[in-house]
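Asks: Quick one: structure below, then a few questions.
Every read-out reported here was derived from the displayed coordinates using simple, explicitly stated rules and does not represent laboratory data. What you are looking at is a predicted structure, and each value in this text was computed from that prediction instead of being measured. Here the Cβ positions follow ideal geometry from the backbone for every residue, glycine too, while neighbour counts run over all protein chains shown.
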Amino acid sequence: MSERFAQVALPLPLASSYTYRIPETLGDRVVPGARVVVPVRRRELIGIVVEADSAPPEAAARDVLAAPDDETAIPAGLLETAHWVAGYYGAPLGLTLKAMLPGGMWGESTVVATLVGGAAVPGGVAGEVTDWLERRGGEAPVSMAARALKRPLWDVLDRLARVGAVVLRVEPPDTEAATLTERVVSLAADPPTLLERDGLFRRAPKQRRLYEALEQLGGSALVRHVVGQLGFTPTVLRGLEERGLVRIGEAERVRDPFADFPAVPPPATLTPDQQAALAAVQSVDPGDGAVLFGVTGSGKTLVYLEAVRRVLAAGRGAIVLVPEIGLTPQTVSRFRGAFGDQVAVLHSSLSDGERADAWRLLRRGERRVAVGARSAVFAPVRDLGMIVLDEEHEASYKNGETPRYHAREVAAVRARIEGASLILGSATPSLDTMAQVNRRLRLLRLPERIGARPLPPVELVDLRVAPKVSGTGGIGWSEALDAAIVATLARREQALLLLNRRGFAAFLQCPDCGEVWQCPRCSISLTVHSSPPGLRCHYCGHEEPLALTCRKCANRVQQMRGFGTQQLERLLSERYPEARLARMDLDTTSTKWSHQRILASVEAGEVDLLLGTQMIAKGLDFPNVTLVGVVDADTGLYLPDFRSAERTFQLLAQVAGRTGRGPKGGRVLVQTRHPAHHALVWAAQHDAEGFLREERTLRESPPYPPATALVNLLVTGTSEPAVGQRAAELADWCAALVAKYHLPVTLLGPAPCPLARIKDRWRWHVLLKGPSEALGRIVRYAATRLTRAGDVRVVIDRDPVSLL
Ligand code: ADP
Ligand code: ZN
């Protein structure tokens, strides 16, 4: 009999898979999708079989040692999806699987052998193994047994497993280590006054920064977070502890915060519009899809719920994707409320072990619904009947590293492979999705809000001419917005204030010589932060103290320009001192579940004014929010990216949709200096279709998606000349390919990216435009031929969502 070989993928930074020989005894189990134990140098790792009948390698291949599972870890449909992702996005299959699978399922995981009582125990080495296991209490890792008995045991254990004398189980490396407590630091006494602070911290500015950072985080934080992410040293922390200013203690680790979240029962009856939409969703053929285009507050969630309920009733399972799990606790709790224990919530705070558990439960069909962000599109739901993708227009559905997949595209492909139906929902569908209507997608509408509530009136306030309140520093504050806030507070209602820029000021500049403080590692100005005070880079995290003198001309005055959420918070606290404020941006939500804490206090009515970045614009449904103020609608309007108008429209329409959801109604005020921009005009009229129509024509010339497809080839490296040269070679290489195969593809570049440097790496790009199939050919060529040269890397970004 001829020898057989398998390709095995490992979650290592390797581009290709490894070839192993399949021992005859394992032949039936080494099939695509199965987990196998393989030797890698001097270790044993768990990998995934991606091909079971591959050609013999040139060098001698080592043996697959074991195949511990009865059933393949990756179902066939998912493996096929992985092959599609790798091919379409030009990514190595190993990295693709790495993005799909919980880390705890393979790699460093251990195989544990458990004795099964009652089976006939053979003699010889097998008897020695079972005796040893018996003495160990019936269970032990295989590697430990092999060390104790001083010989490899895989063959013996495989035989024992087949006669039912032992069971082999793969355990993630962190199961034991997953202790349930963590060290937490909290403020010990009443906060010192400003004056006391100056004395207390005169010689310890770092302690002061840490102290104030803790205040900012609500009085306590995980030690891991303070030391790891905020970058304070353990010495600074100890200093504060020794002076009795903070306490360090143990706190139970929150494993599943959603478990305590109220499981909201759904409304009992569907409106006629919802019924019609549900009927249409149900008539979508397996493998096909629909867009549920429903205005904000039209009750899309209930349509998803009922559709999923019917999928479950038919004995099948479903995946529900949301843009960011932390920002959508309401959607999550609605699914929990409807389906209880059938739901697995896949969120980023799960440990590897918990993630692997969730995978197993879904794979076995013990959980039927997976709810999660982007990567949940790969959840191994059994007999997948439906994939729901809520807020389909969100850019966070695109993965930011290899493989740079878009969950919406993957969902469409997976639905086709597995015969599921795909439901994309949004009040502001993307141009990309709308271009697929009447091709891959059907269009369904929910044109009205529940209870025939009107959409809130939106007023554009032209900051160039509108009367303004004085004494607000650099923040343009119209009398109209001021009066609206005062009136809202007087009625004891709530307001949301959107400012899509975090930090205190946008940048620091010398008024004399004009020098702007830039990040030493990125080509971007540093943002001024007030708490803790300093200059910070939003791309690489670089921090430096707030400068008082110009580094160029030594001028002793430096000016802050532009404003962010921290400055807005200060303005609000000064101007509306009686209002209870909460701020939600990346800086206040860096600890686990801080989103939920903030949103829960808004829901409980403990907050009058919630200010924040785009984080506050999504999915929230609070009936007492009767005012939405957009402090500066222009922050993203003129970014050098063809989607900047689309993003602005979506953000405004979404945030406007957060009000008028209850019987008290609501209104929206949008401050801008560009009131005639089409994104603002259509948003003010709640006319998504008007916007889509106008924006679609603007994408014709020069052509941008959906009028054409795009591939962005990004070249990065630490030497600028090397990067530029590689980009030029790359452009020539593409041009030659285009000419040779007469591809209808246009090349733009090479050129430096708008963000010319991030984290010390220079960035150039070559942009390819053309029909998707033609670009696909180039991607396939590029994937196998663009190898890394020294430190210069080439990244293939197909269907990019950002060109910055
Ligand atoms: P969308 O996601 O379309 O913005 P939601 O699904 O959040 O809208 O629904 C808006 C509000 O209407 C929610 O508070 C929801 O509970 C309520 N709602 C939805 N459907 C119904 C219904 N059939 N009867 C009563 N209330 C409903
Ligand atoms: Zn930086």
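Asks: Estimate the FRET efficiency between LYS740 and GLU689 by the formula 1/(1 + (r/R0)^6), using the beta-carbon distance for r and 41 Å for R0, to the nearest 0.05.
Replies: 0.45
Asks: Between THR233 and LYS552, what's the calculated FRET efficiency when r is the beta-carbon distance and R0 is 45 Å? Round to 0.05.
Replies: 0.90
Asks: So what's the net charge close to PRO68: Lys and Arg +1, Asp and Glu -1, counting the other residues with Cβ under 10 Å from its Cβ?
Replies: 0
Asks: Here is a further query. Cα axis of helix 688-698 to longest principal axis of the chain: angle in degrees, 0 to 90, nearest 10?
Replies: Value to nearest ten degrees: 80.
Asks: Fewest to most neighbouring Cβ within 10 Å: what's the order for ASP512, ASP285?
Replies: In order of increasing Cβ crowding within 10 Å: ASP285, ASP512.
Asks: Turning to a different aspect of this structure: Just want to confirm a number: the relative contact order over the chain, from Cα pairs under 8 angstrom separated by 6+ residues, in percent.
Replies: 10 percent
Asks: Need the C-alpha centroid separation for the stretch 286-362 versus the stretch 465-518, integer Å.
Replies: If we compute the Cα centre of each part, the gap is 38 Å.
Asks: What is the gain in length, in nm to one decimal, between GLN518 and GLU574 on full extension, counting 0.36 nm per residue of separation less the C-alpha to C-alpha distance?
Replies: 17.1 nm
Asks: For the pair GLU128/ALA676, report the inter-label distance in nm, with labels modelled 7 Å from Cα in the Cβ direction.
Replies: With each label point 7 Å from Cα toward Cβ, the separation is 9.0 nm.
Asks: Output the antiparallel fraction of DSSP beta bridges having both residues in the chain, as a percent to the nearest 5.
Replies: Approximately 60 percent, going by the DSSP bridge assignments.
Asks: For SER2 and LYS206, calculate 0.36 nm times their separation in residues minus their Cα-Cα distance, and state this gained length in nm to one decimal.
Replies: Length gained between SER2 and LYS206: 66.6 nm.
Asks: How many percent of DSSP beta bridges within the stretch 354-501 run antiparallel, rounded to 5?
Replies: Just about 25 percent of them are antiparallel.
Asks: Using r as the Cβ-Cβ distance of MET144 and GLU720, and R0 as 45 Å, what FRET efficiency do you calculate, to the nearest 0.05?
Replies: In this case the efficiency is close to 0.30.
Asks: While we're here: Ranking TYR88, TYR704 by Cβ neighbours within 10 Å, fewest first, what do you get?
Replies: Final ranking by Cβ density, sparse to dense: TYR704, TYR88.
Asks: Could you please rank TRP682, TRP764, placing first whichever residue has the fewest other Cβ atoms within 10 Å of its Cβ?
Replies: TRP682, TRP764
Asks: Using a simple spin-label model with points 7 Å from Cα along the Cα→Cβ vector, what separation in nm is obtained for ARG492 and PHE642?
Replies: Modelled inter-label distance: 5.3 nm.
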